[in-house]
Amino acid sequence: MIRLNRLDGFRWEIPRGSIPGMRVPGLVLADDAMMTTIRRDESLRQVAQAATLPGATRASIAMPDIHFGYGFPIGGVLASRIDSGVVSPGGVGFDINCGVRLLRTSTHIDDLSDHLSDLVNLLFRHIPTGVGSSGALRLDRKQLQRVVLNGSRWAVDAGFGTHEDLDRTEDTGCLQGCRIDSISDHAFERGIEQLGTLGSGNHFIEVQYVEEVFDPVLAAAFGLETNRITFMIHTGSRGFGHQICTDYLRVMGDCLRKYGISTPDRQLACAPFDSKEGQSYLSAMRGAANFAWANRQCITHRIREVWERLPGHPGCADDIRTVYDLAHNIIKIEDHDDDGHPAAFAVHRKGATRAFTAGSAYVPESYRPYGQPVIVPGDMARASYVLCGTKAAETEVFASSCHGAGRLLSRKAAMKAARGRSIAGELNARGIRIAAKGKDTLAEEMPEAYKPIEQVVGVMIRSGLANPVARLRPLGVIKG
Amino acid sequence: MPHTPYGRYTQFDTTADMGIDVESDTIEHLFEAAAFAMFDLMIDSTGLISDRRFAIQLESDAIEDLLIDWLNELIFLSETRRAACFRFQVTLDGCKLRASVEAASIDSDSTNRIGMIKAATYHGLKIVRSDAGLRLHVLFDV
């Protein structure tokens, strides 16, 4: 059992020394009820284990949507100083730059109600979903290399989006510094047919509406208005990113011996930031991140096409505008304060997002007076939230936030709970239209499989680390 | 505990992921049973007819690394060649592997597809030898 010290109603410390080799304490954000659940699995040990990595600074942090991962927990944030630290592919995970994009429209919910079923069915038909989904775009190897180097910009240059989309994407949808020779043939083979596809598991497209605005000034800045239709896209770098993580976990295993680094879990394998292997991983990871941003950009374009062609609905593609697109599985090189001195860090976020506030250079210019939108998807039935980070989040948790509701039930437990029920029927009864491909997806992804989103964002808000901007309700869900 | 032609296995799950515990009499059978059990998480092989064969050669520094390489190579084949693999013949010479894999063609719309595995992980990976044979514990990212 991992030792915990309560710091206040929402902060728990895992003291240094809880396991051998911890360089910093753990900091877990949760309320009492959530902590009871969190203690049931090994995720607290994973928070402590991540704290053993070289260069770890301030704390190994767990967001309130924390659950068991491998190596790092899901919901983990670890900042490692680049002058003395490491990069760890396990601190990003296999789905590199899995992330969320929120789109807004000026269409009122009442004007869509008669067309909602058609919209969901058309989106499902026109955007490839499911295990091994492919065929949205035909690319050759050279074109895929350009995607990997240029990210969302490749898609916009190809006619699949607007310059405003780029401005409202984290890092404008492209991380510089990817070298093609850092990426394996296997990765290119896995990625070549998957651009513009949703995938399976917890990935989704949702049709939503803005149910409530909490901060009218920020909501107006983000273009969010009560009762207007929004879309949310959740997907990542698909097989391309999975293969890059696989390749570099292998490389990093050898680095442990080469650089004399000891980790309590092989899945935490890492390399010094400045090493050839560390830089090579960062290069490949940037390529996967760019693939993911291009992927969400291509799906955005397809949603606009469907919107324009929706029978009986006078939709216009230009009416769909990007609110923001952010990554929740990634390493970013960021400047933060370290005991009163500015320093550069490799900030690992695995199931956590950036949450920079007003004035930060990491916030797009158009949002800089307000801060960056933090998009937090919930489950299929309840709600999603738009938050905004606070100064406290910058100083305490490296400007980070939770990334979603966080899984509560295993897939088997969810299947058991769904036995004898029609999850689609239950969602339909709540006015939510569903289109899903996988036989068991709806059961595995049923709402009860996730923590209540209100509880998760409630911890972020009440701990002073985020402010609420708006709540979004699902109307239609497209799943793989 | 389900039997495969190569050994026995059980599935386990964590909050978000799934894994397998495998028992077998030889290290070759352990690799074969692990592959069979992994595909059992992804594909319902009922009614599938072998129409393709793949030859795989791998080499590693340690048997645990070789096992992860083997499973990840099969995931790569499954995704890029749309192959449902269900018969495996493995030969090991230390940490060198040669394998023949029989598979059925399968597309993303097939009702035989039941799930996806992104990768085999090193988390908690164990290969344990005992008088009764060999046991393996491996977790997948699903």
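Taking H placed 1.01 Å from N in the peptide plane, check which residues at least 5 places from A:VAL477 or on another chain put their amide H under 5 Å from its amide H.
When sequence neighbours closer than 5 places are left aside, the close amide H contacts are A:VAL207, A:ARG433, A:ILE434, A:ALA435.
Give the Rg (one decimal place) followed by the Dmax (whole number) of segment A:165-275, computed from C-alpha coordinates and expressed in Å.
In order Rg, Dmax, the Cα atoms of segment A:165-275 give 20.0, 57 Å.
Quick one: dipole size for segment A:5-479, taken about the Cα centre, charges +1 on Lys/Arg Cβ and -1 on Asp/Glu Cβ, in debye to the nearest 20.
Its charge dipole is roughly 1260 debye.
Over chain A, with the other protein chains present, what is the accessible area per residue in square angstrom, probe 1.4 angstrom?
33
Whenever you get a sec, compute what percent of the accessible area on the protein assembly as shown sits on carbon and sulfur atoms (1.4 Å probe).
Ligands and nucleic acids excluded, carbon and sulfur reach 47 percent.
Specify which residue in the list A:ALA344, A:ALA449, A:GLY420 is farthest towards the positive end of the charge dipole of segment A:320-467, using unit charges on the beta carbon of Lys, Arg (+1) and Asp, Glu (-1), about the Cα centre.
Going by the charge dipole, the pick is A:GLY420.
Residue by residue through A:192-203, how many Cβ atoms from other chains fall within 10 Å of the Cβ on average?
Shielding by partners across A:192-203 averages 2.
With the dipole of the protein assembly as shown worked out from charges on the C-beta (+1 for Lys and Arg, -1 for Asp and Glu) around the Cα centre, which of A:ALA435, A:ALA317, A:ALA294 lies farthest toward the positive end?
Positive-end residue among those listed: A:ALA435.
Please list A:106-112, A:132-138 highest first by mean number of surrounding beta-carbon atoms within 10 Å per residue.
A:132-138, A:106-112
Accessible area per residue, 1.4 Å probe, Å², for chain B: what's the number?
Normalised by residue count, the accessible surface of chain B is 42 Å².
Based on C-alpha coordinates, I'd like the Rg and Dmax of segment A:403-472, in Å.
Over segment A:403-472's Cα set, Rg and Dmax evaluate to 14.5, 42 Å.
Charges on Cβ only, +1 for Lys and Arg, -1 for Asp and Glu, centred on the Cα centroid of the protein assembly as shown; of A:GLY278, B:SER130, B:ILE20, which one is farthest towards the dipole's positive end?
B:SER130
About its Cα centre, how strong a charge dipole does segment B:8-141 have in debye, to the nearest 20, once Lys and Arg get +1 and Asp and Glu get -1 at the Cβ?
240
Any residues in segment B:100-116 that have 30 Å² or more less accessible area with all protein chains than in their chain alone, probe 1.4 Å, and which are they?
Relative to the lone chain, where solvent access is computed with a 1.4 Å probe, segment B:100-116 loses at least 30 Å² at B:SER108, B:ARG113, B:ILE114, B:MET116.
If you scale each eigenvalue of the Cα gyration tensor by 5 and take the root, what three semi-axes come out for segment B:1-68, rounded to whole angstrom and sorted largest first?
19, 18, 13
When the accessible area of each residue in segment B:8-39 is compared between its chain alone and the complete protein assembly (1.4 Å probe; ligands, DNA and RNA ignored), which residues differ by at least 20 Å², being lower in the assembly?
Output list: B:GLN11, B:ASP13, B:THR14, B:THR15, B:ALA16, B:ASP17, B:MET18.
Which percent of Cα pairs goes in each bin when the distances of the protein assembly as shown are cut into 10 angstrom slices starting at zero?
For the protein assembly as shown, the pair-distance distribution reads 3, 17, 29, 29, 16, 5, 1, 0.
Taking loop as defined by DSSP and a crowding limit of 13 other beta carbons within 10 Å, which GluC sites (Glu not before Pro) in segment A:440-474 fit?
Those that pass, being in a loop and sparsely packed, number zero.
Just which residues of segment A:94-140 lose 30 Å² or more accessible area with every protein chain there, against their chain alone, with the probe set to 1.4 Å?
Listed in order, they are A:PHE94, A:VAL131, A:GLY132.
Using only Cα atoms, tell me the angle between helix A:116-126 and the longest principal axis of chain A; keep it within 0 to 90° and round to the nearest 10.
Between the helix axis and the principal axis of chain A, the angle is about 60 degrees.
Sorted by average packing, counted as other Cβ atoms within 10 angstrom per residue and highest first, what order do A:424-430, A:48-54, A:224-230 take?
A:48-54, A:224-230, A:424-430
Using only protein heavy atoms and a 1.4 Å probe, how much accessible area in total is buried between A and B, to the nearest 100 Å²?
For chain A against chain B, roughly 3200 Å² becomes buried.
Amide H to amide H, which residues 5 or more places from A:SER463 or on other chains are under 5 Å from it, using H placed in the peptide plane?
none
The values are calculated or read from the model by the stated rules, or taken from the named source; none is laboratory data. From a predicted model like this one, the values you see are computed outputs, not experimental measurements. When we count neighbours, we look across all protein chains shown, and the Cβ atoms used for this are built from the backbone with ideal geometry, even at glycine. For accessibility, only protein heavy atoms count, side chains too; no ligands or nucleic acids. Shrake-Rupley method; radii C 1.70, N 1.55, O 1.52, S 1.80 Å.
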